[in-house]
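I have placed the structure first, in the form of structure tokens, so that the comments after it can refer back to it.
Just so it is clear, none of the values below were taken in a lab; they were calculated from the coordinates. Just so it is clear, the model here is predicted, and its values are computed rather than measured. Cβ placement follows ideal geometry from the backbone for every residue including glycine, while neighbour counts extend to all protein chains displayed.
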Amino acid sequence: MNALDVSFMATGAMLAAAVLLAVYRLVRGPSVLDRVIGLSTVSVLLVCFIALEVAVRGDTSYVGVMVSIALLGFIATLTAARFAERRAHDRG
């Protein structure tokens, strides 16, 4: 096993730990915005996992999937932020 394989495995382990922490925040809350941030983080980490897989295999066929997931995560975050802003404006 060479140094590159070890770095790929270490990166995968760190990404897995980050996903667990983000899912904890997603489930635990306590507010809606915390859950939105958790979901956004999970979508970014999913893109990172796919990028790691592309780097390991050298197959670029998943790049379109990465872009699609990134765009969906971005749009979901914007939509939730707009919803939270309107909700705060209605209260205030």
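Taking the helices alone, the chain has a mean residue ellipticity at 222 nm of -31500 deg cm²/dmol, built from -39,500 (n - 2.57) per DSSP H run of at least 4 residues and averaged over all its residues.
With contacts defined as alpha carbon pairs under 8 Å and 6 or more residues apart, what's the relative contact order of the chain in percent?
Details: 56 pairs, mean separation 23.7, N = 92.
Relative contact order here is 26 percent.
Placing +1 on the Cβ of every Lys and Arg and -1 on the Cβ of every Asp and Glu, with no other charges, gives the chain a dipole of roughly 480 debye about its Cα centre.
Note on the chain: dipole from Cβ charges, positive end direction compared against Val6, Val65, Leu39; the farthest Cα belongs to Leu39.
Principal-axis analysis of the Cα atoms of the chain puts helix 32-57 at an angle of about 20° to the longest axis.
Across segment 1-41, the residues whose backbone nitrogen lies under 14 Å from the label position 7 Å along the beta-carbon direction of Ala55 are 3-16. Subtracting the Cα-Cα distance of Ala88 and Ala18 from 0.36 nm times their residue separation leaves 22.2 nm of extension gain.
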